[in-house]
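Right, one structure below, let's go through it.
The values are calculated or read from the model by the stated rules, or taken from the named source; none is laboratory data. Just so it is clear, the model here is predicted, and its values are computed rather than measured. Here the Cβ positions follow ideal geometry from the backbone for every residue, glycine too, while neighbour counts run over all protein chains shown. Note: accessible area is taken over every heavy atom of the protein model, side chains too, but ligands, DNA and RNA are not part of it. Shrake-Rupley method; radii C 1.70, N 1.55, O 1.52, S 1.80 Å.
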2 protein chains.
Amino acid sequence: MNEVNILRITYYALRIISMNSDKLIEGLQDKANKLRIHSIRTTTKAGSGHPSTCLSAADIVSALFFHTMRYDPHDPSNPNNDRFVLSKGHAAPLLYAAYAEAGAIPIEKLDTLREIDSELEGHPTPRFKWADVATGSLGQGLSIGVGMALNGKYLDKLDYRVYVLMGDGESAEGSVWEAAALAAYYKLDNLVGIVDVNGMGQSQHTMYKFDIESYQKRFEAFGWHTIGIDGHNMNNILAALDEAKSTADKPTMIVARTLKGKGVSLIEDKDGWHGKPLSENEMKLALKELDRPASDYKFKIESPQKEFEMRNSEFGIKRKISLIPNYKIGEEVATRNGFGTGLAKLGDVSALVVSLDGDTKNSTYAQDFMKAHPDRYFECFIAEQNMVGAAVGLSSRGKIPFVSTFAAFLTRAFDHIRMSAISDANIKYVGSHCGTSIGQDGPSQMGLEDIAMMRAIPNSVVVYPSDAVSAEKLVAEVAQHKGIAYIRTSRPKTPILYPNDEEFKIGGCKVLRSSDNDKVTVVSAGITIHEALKAYEILKKEGIHIRVIDAYSVKPIDEVSLKKSASETNNTIICVEDHYYDGGLGDAVLNAVAKHGVFVHKMAVKELPRSGKPEELMELYGISAGCIVKQVLEVKG
Amino acid sequence: MNEVNILRITYYALRIISMNSDKLIEGLQDKANKLRIHSIRTTTKAGSGHPSTCLSAADIVSALFFHTMRYDPHDPSNPNNDRFVLSKGHAAPLLYAAYAEAGAIPIEKLDTLREIDSELEGHPTPRFKWADVATGSLGQGLSIGVGMALNGKYLDKLDYRVYVLMGDGESAEGSVWEAAALAAYYKLDNLVGIVDVNGMGQSQHTMYKFDIESYQKRFEAFGWHTIGIDGHNMNNILAALDEAKSTADKPTMIVARTLKGKGVSLIEDKDGWHGKPLSENEMKLALKELDRPASDYKFKIESPQKEFEMRNSEFGIKRKISLIPNYKIGEEVATRNGFGTGLAKLGDVSALVVSLDGDTKNSTYAQDFMKAHPDRYFECFIAEQNMVGAAVGLSSRGKIPFVSTFAAFLTRAFDHIRMSAISDANIKYVGSHCGTSIGQDGPSQMGLEDIAMMRAIPNSVVVYPSDAVSAEKLVAEVAQHKGIAYIRTSRPKTPILYPNDEEFKIGGCKVLRSSDNDKVTVVSAGITIHEALKAYEILKKEGIHIRVIDAYSVKPIDEVSLKKSASETNNTIICVEDHYYDGGLGDAVLNAVAKHGVFVHKMAVKELPRSGKPEELMELYGISAGCIVKQVLEVKG
């Protein structure tokens, strides 16, 4: 065959290829255009929403949903679907439009955007079954992606990839950089972030405007591979997504230069259009501007790989688990040790249990789990927000994350904890070193508002064990309770109160001391139970009997038992706790029994504490055995 | 003069200079040695503490306190002292030792470390008058430094410099990067950070171990000038601190390679010595190792510049301030607008008031202040933790920062808010868009746990205005209350309830509807007051009278008035609020009146809400006028 023929053949071959790719590009541009139209139309119909931010990301989302991502549009539960996290949650209309165009939901459904009976909410929540998690509090999506990627690479060993679409404004959130650091540390090459740099925040330009390089420099410094592109150039976008797929050992961040409101001249790159839909008339003009001949390109969304080895994939825990502790009554063990021992044992019976800790594992005793199950322990270093976000990602993939640090430092992640509840996550938070009883380290290290924080979350479970037996048992109980739970542990060693076969159900309590002529019921939990028991002995010598109840389940609290006990003790309860006065156990008790005409005397920490010996501090802040004795003598009059 | 003479003179000149500098270096090394000795000795005596982290930073602190920093060791209140923030608060013994060696406190005082009656606490708090702020929750110091530097450069126009000593482990905290970004954005060349890279966290090595370059790359990418040094080489340290002084238009980060436990072979660069003092015997060996001939170098700490123009320097507000709103009864205005208008007016009468907002100023209406007083508004972008930390720094320099964002996003900074209270800061937090009444944006944007969070903090003030008049008035009230205060504002427009001359004192309430035969008292605040007033009208038509109380002061709450009102209405109170069930107004009321035998029926949001119209949601979650009517009919039987 002569050269001319070869050239001719080559020419046609190339022509076909380029025609195909031209067709693909046209098709994706057409999809992007449809996504823009849906976003404009549905927000105008809803009368609220954020159309302009949808338009800046439409081309990127089109490329992801109709070319790059591998997923089954008819099965959101396929464990090997590529994951998509819309960190810039206010672009929700774009997300819904993409799934509609992909055939996952009917197009008509889009008209229900933001209606009270629609799962298409203003910001995504798992009520929309394609949203694994809730987003909308900015700067949390990348952490969630880290958790999903950790699961794919290290636990389930699936080859799904995780794509996180972020806004440029939200990259000011520190949690983004916590996530960036950990993603690089764990070499998450199955994680791809895309920053939609439209240069505008809610109230003004972002800190770096359109300086793509400054974003690249920062992510590179944090160990990422980065690619800067024009976020409206489909060839650029596809090339970058391909490059990300072929990048090994590090995550990739695509930094895309875009325009807010792209494609609609009225709002394109204009101020004052962050959270504002177009009016009916403005919409008509916009739709006219977006009107163009449709492409006939036939899309075939690539399915996830069928054959994969699924590890740890069953959801929930099959049989009822009960741990058998191994202590002697009176033996001195800290509840934080009980937690660590219990968690390590739980790891033996459930492959779903994973542990995350923020460089406090030798204090919280998460290290016991790490030593027993190193492959299911993730060191998150001193970055509590990302730790919680990653746990949300792991939970969304069916794991049961135990997230531990000092109780005081869980406050660092309150926004993430709040969002984890909205994400319907199955996470167990563990706060150690609660209260003034930690002693000399002082107030910065004392968790004294943690119960208030965790109780505030609807449907949360809050337990506060008083000894290592109950601590171990409660680890298994909360693991088998689907949802947000909190275990509060203490630093000091305290005597074992319960036999190893004692059971502790969520919502229960234990009557530790009781007689027929008790003058008052003293309710407590954790460290102060031991003060209450000392007070019992002192008062007994004086011939005064008190009932002592261990309210280890702070939420839900055992209303029936408390009411009954109070009715047998002059309708009087003294509640003592190593927590601030507002929002703790005292308020849980008050809410349970006040309506039954029971008088509750709250003993709690009323001021900002200082450094000192534990016993000195508990005396100073009015929660010691001596203070309980005084209070009892007062109320019994 | 011939060349030989010139050479001879030059030779002697150089010799003198180098002799001097040798002497200085020896002197500073000797001081560092003394600081190490104090740190070892005092922690062993206290029986707890973190000696090893003191030893890694001793040389740096010696250079700062005895050569670089300009301050008056006898006057911590000198407004032009260079500021030192010990972000790695667990190195407190080193801080106390430095001030003792500087003559600020007696050496003997060091022996009281961690004792209950000593201001030398386990982690620094302002009880120690040289500590402007409390530290110990890691990753917060740089933000505080940003606030102090903003004040020096833009407000007081003083030439003091701000030095922040950080640990390497804490640089994993996202708030560090929020601070880094804002410091560069505001060109804070009066801010110098030093990272003490000893490579060890609490439970294991840090993420980057001794990779000095990775720290430099990251801070450079965030816009800082960086210098990598050997943190135990005094010449290196002095040169770096000089270079920082001569760096214009950007902050400088010195990244110092150090060894934890430096100078004591038993613990130097050894695992397991993070929070552990040496035993008596170990101490003896350590002190022997540190024993060396003292230097006779005479230190003269350079005083701060005397002549400076002090602007906005008077602390507190001189005269009683009352703002005069300008609304008509019944006019529809959102309380968030009332806040913005009030804050702008407050800025006219007090030069101390500053405003910080996280790219929500067009929603919180902090933009009203920004427009009126652009020189006292600081845009903090979407980074709430740093915003609060910067406010702590500004407060420590005598300003009255108003920190505003969505109520939901204040949870992002709970740890910083908690620490701001321990820092004895004078900050006013403002959370807008509270509750389900924001409507379609959905749960991620709804502040529903904010009252619980702010009430938990001892001595905090929480106000929740129901109309724009009370909003404006309360802005002035909280500004004149020293300490932590929280203003909760709502998104929807609501009718003006009060005349412009009405006064609203902290701790008060307003009886809005009252008659001699009221069946029950309905207590509310904010948006739901308007539901209660609708309920009042509906019930009145039925001939049922209820009392309606606006409990705008949630904490402290007006116990006397509530008790009195309840006693006149069958000892029954219905409390309705747009907040989660636990920790809100309902619990404030319950705590105030339950002990007086008053029955409280709490109406609040009991589940995780969804998107919908405000009125639909308030109906769905049981806090609408209709629901109040139902509840009234129930309780009155």
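Any residue in segment A:124-131 that is within 19 Å of the chain's Cα centre (by Cα) and of a type in the set (S, T, N, Q)? Yes, segment A:124-131 contains a residue that is within 19 Å of the chain's Cα centre (by Cα) and of a type in the set (S, T, N, Q).
If you take just the helices (runs of 4 or more DSSP H) that sit entirely in segment B:363-463, which of them hold at least 3 residues that are touching a residue at least 60 places away in the same chain (Cβ under 8 Å) and surrounded by 24 or more Cβ atoms within 10 Å (Cβ to Cβ)? Steps first, please.
Working: elements: B:367-372, B:384-396, B:407-410, B:414-422, B:450-456.
Hits in segment B:363-463: B:384-396, B:414-422, B:450-456.
Pairs linking a residue in segment B:133-145 that is farther than 20 Å from B:Pro76 by Cα to a residue that is assigned to a helix (DSSP H, G or I) and among the acidic types (Asp, Glu), with Cβ atoms under 8 Å and 6 or more positions apart or on different chains, are B:Ser137/B:Asp415; B:Leu138/B:Glu170; B:Gly139/B:Glu170; B:Gln140/B:Asp415; B:Ser143/B:Glu178. Every listed requirement among (1) small (Gly, Ala, Ser); (2) over 19 Å from B:Lys217 (Cβ atoms); (3) surrounded by fewer than 24 Cβ atoms within 10 Å (Cβ to Cβ) is met by A:Ser175 save one, (3).
The criterion of being outside any helix (DSSP H, G or I) and free of Cβ contacts under 8 Å to residues at least 24 places away in the same chain does not hold for B:Lys157.
Only one of the numbered conditions (1) under 20 Å from B:Ile25 (Cα atoms); (2) open to solvent by 30 Å² or more (accessible area, probe 1.4 Å) is violated by B:Phe210, and that is (1).
Determine whether segment B:491-504 contains at least one residue that is within 14 Å of chain A (Cβ to nearest Cβ) and either among the basic types (Lys, Arg) or more than 22 Å from the chain's Cα centre (by Cα) (or both). Break it down into steps so the answer makes sense when it comes.
Going through segment B:491-504, the residues within 14 Å of chain A (Cβ to nearest Cβ) turn out to be B:491-492.
Okay, now just the ones that are also either among the basic types (Lys, Arg) or more than 22 Å from the chain's Cα centre (by Cα) (or both), so B:491-492.
Yes, segment B:491-504 contains at least one residue that is within 14 Å of chain A (Cβ to nearest Cβ) and either among the basic types (Lys, Arg) or more than 22 Å from the chain's Cα centre (by Cα) (or both).
Answer yes or no as to whether B:Asp242 is open to solvent by 10 Å² or more (accessible area, probe 1.4 Å) and outside any loop (DSSP other than H, G, I, E, B). When the stated conditions are applied, B:Asp242 passes them. When every residue of segment A:516-536 is checked against the conditions, at least one turns out to be modelled with pLDDT of 95 or more and over 17 Å from A:Ile628 (Cβ atoms).
Quick test for you: out of A:Glu220, A:Glu213, A:Glu268, pick the one residue that is in contact with a Gly (Cβ under 8 Å, 6 or more places away or on another chain), more than 20 Å from A:Val61 (Cβ to Cβ) and acidic (Asp, Glu). Steps first, please.
Numbers: A:Glu220 fails: in contact with a Gly (Cβ under 8 Å, 6 or more places away or on another chain); A:Glu268 fails: more than 20 Å from A:Val61 (Cβ to Cβ).
Every option except A:Glu213 fails the conditions.
Can you find, within segment A:97-129, the residue that is farthest from A:Asp424 (Cα to Cα) among those that are within 14 Å of chain B (Cβ to nearest Cβ) and of a type in the set (A, V, I, L, M, F, W, C)? Restricting to residues being within 14 Å of chain B (Cβ to nearest Cβ) and of a type in the set (A, V, I, L, M, F, W, C), the top hit is A:Leu113. Taking segment A:87-113 as the search range and keeping residues that are in contact (Cβ under 8 Å) with a residue 60 or more places away in the chain, open to solvent by less than 10 Å² (accessible area, probe 1.4 Å) and within 28 Å of A:Gly483 (Cα to Cα), which one is farthest from the chain's Cα centre (by Cα)? The residue in question is A:Leu113.
Restricting attention to segment A:159-166, does a residue exist that is more than 22 Å from B:Val176 (Cβ to Cβ), crowded, with 24+ Cβ neighbours inside 10 Å and either within 13 Å of another protein chain (Cβ to nearest Cβ) or modelled with pLDDT under 95 (or both)? Taking every residue of segment A:159-166 in turn, none turns out to be more than 22 Å from B:Val176 (Cβ to Cβ), crowded, with 24+ Cβ neighbours inside 10 Å and either within 13 Å of another protein chain (Cβ to nearest Cβ) or modelled with pLDDT under 95 (or both).
State all residues of segment A:568-618 that are closer than 30 Å to B:Lys45 by Cα and hydrophobic (A, V, I, L, M, F, W, C); if no residue qualifies, say none. Result: A:Val605, A:Leu608, A:Leu617, A:Met618.
Cβ-Cβ contacts under 7 Å between residues 6 or more apart (or on different chains), taken from a first residue in segment A:167-180 that is within 7 Å of chain B (Cβ to nearest Cβ) to a second residue that is open to solvent by 10 Å² or more (accessible area, probe 1.4 Å) and part of a helix (DSSP H, G or I), are listed as A:Glu178/B:Ala172.
Quickly run through segment B:236-277 and pick out the residues that are closer than 28 Å to B:Phe219 by Cα and of a type in the set (A, V, I, L, M). Within segment B:236-277, B:Ile237, B:Leu238, B:Ala239, B:Ala240, B:Leu241, B:Ala244, B:Ala248, B:Met253, B:Ile254, B:Val255, B:Ala256, B:Leu259 meet the criteria.
Residues that are crowded, with 21+ Cβ neighbours inside 10 Å, within 11 Å of chain A (Cβ to nearest Cβ) and closer than 24 Å to B:Asp132 by Cβ do not occur anywhere in segment B:186-201. Is it true that A:Asp271 is modelled with pLDDT under 95, open to solvent by 60 Å² or more (accessible area, probe 1.4 Å) and in a loop (DSSP other than H, G, I, E, B)? It is true that A:Asp271 is modelled with pLDDT under 95, open to solvent by 60 Å² or more (accessible area, probe 1.4 Å) and in a loop (DSSP other than H, G, I, E, B). Report yes if some residue within segment A:550-570 is surrounded by fewer than 22 Cβ atoms within 10 Å (Cβ to Cβ) and in a strand (DSSP E or B); otherwise report no. Checked segment A:550-570: no residue is surrounded by fewer than 22 Cβ atoms within 10 Å (Cβ to Cβ) and in a strand (DSSP E or B).
No other residue among A:Phe210, A:Phe219 is in a helix (DSSP H, G or I) and either over 26 Å from A:Gly136 (Cα atoms) or of a type in the set (Phe, Trp, Tyr) (or both) apart from A:Phe219.
Looking across segment A:404-415, the residues that are under 18 Å from A:Phe378 (Cα atoms) and either at the interface with chain B (Cβ under 8 Å from one of its Cβ atoms) or within 10 Å of the chain's Cα centre (by Cα) (or both) come down to A:Phe409, A:Ala413.
Mind checking which residues of segment A:593-615 are farther than 18 Å from B:Ala592 by Cβ and touching a residue at least 24 places away in the same chain (Cβ under 8 Å)? Outline the logic, then answer.
Let us first name the residues in segment A:593-615 that are farther than 18 Å from B:Ala592 by Cβ, namely A:596, A:605, A:607-615.
The answer is A:His596, A:Val605, A:Leu608, A:Pro609, A:Arg610, A:Ser611, A:Gly612, A:Lys613, A:Pro614.
Filtered by the rule that a residue be open to solvent by less than 20 Å² (accessible area, probe 1.4 Å) and more than 8 Å from every other protein chain (Cβ to nearest Cβ), segment B:589-607 gives B:Val589, B:Ala592, B:Val593, B:Val598, B:Met603, B:Ala604. Determine whether B:Gly228 is more than 7 Å from chain A (Cβ to nearest Cβ), within 17 Å of B:Ala244 (Cα to Cα) and surrounded by 19 or more Cβ atoms within 10 Å (Cβ to Cβ). Criteria not met by B:Gly228.
Could we say that A:Leu497 is open to solvent by less than 10 Å² (accessible area, probe 1.4 Å), touching a residue at least 40 places away in the same chain (Cβ under 8 Å) and not charged (D, E, K, R) here?
Values: open to solvent by less than 10 Å² (accessible area, probe 1.4 Å): no; touching a residue at least 40 places away in the same chain (Cβ under 8 Å): yes; not charged (D, E, K, R): yes.
Against the criterion (open to solvent by less than 10 Å² (accessible area, probe 1.4 Å), touching a residue at least 40 places away in the same chain (Cβ under 8 Å) and not charged (D, E, K, R)), A:Leu497 does not qualify.
Take the conditions open to solvent by 10 Å² or more (accessible area, probe 1.4 Å) and either outside any loop (DSSP other than H, G, I, E, B) or without any contact (Cβ under 8 Å) to a residue 24 or more places away in the chain (or both) and apply them to A:Val511. Does it pass? The answer is yes for A:Val511. Does segment B:376-385 contain at least one residue that is within 11 Å of chain A (Cβ to nearest Cβ), of a type in the set (Val, Ile, Thr) and out of contact with any Cys (no Cβ under 8 Å at 6 or more places or on another chain)? Yes - at least one qualifying residue is present in segment B:376-385.
Screening A:Glu220 with (1) within 25 Å of A:Ala421 (Cβ to Cβ); (2) in contact with a helix residue (DSSP H, G or I) (Cβ under 9 Å, 6 or more places away or on another chain); (3) not basic (Lys, Arg) gives one miss only, at (1).
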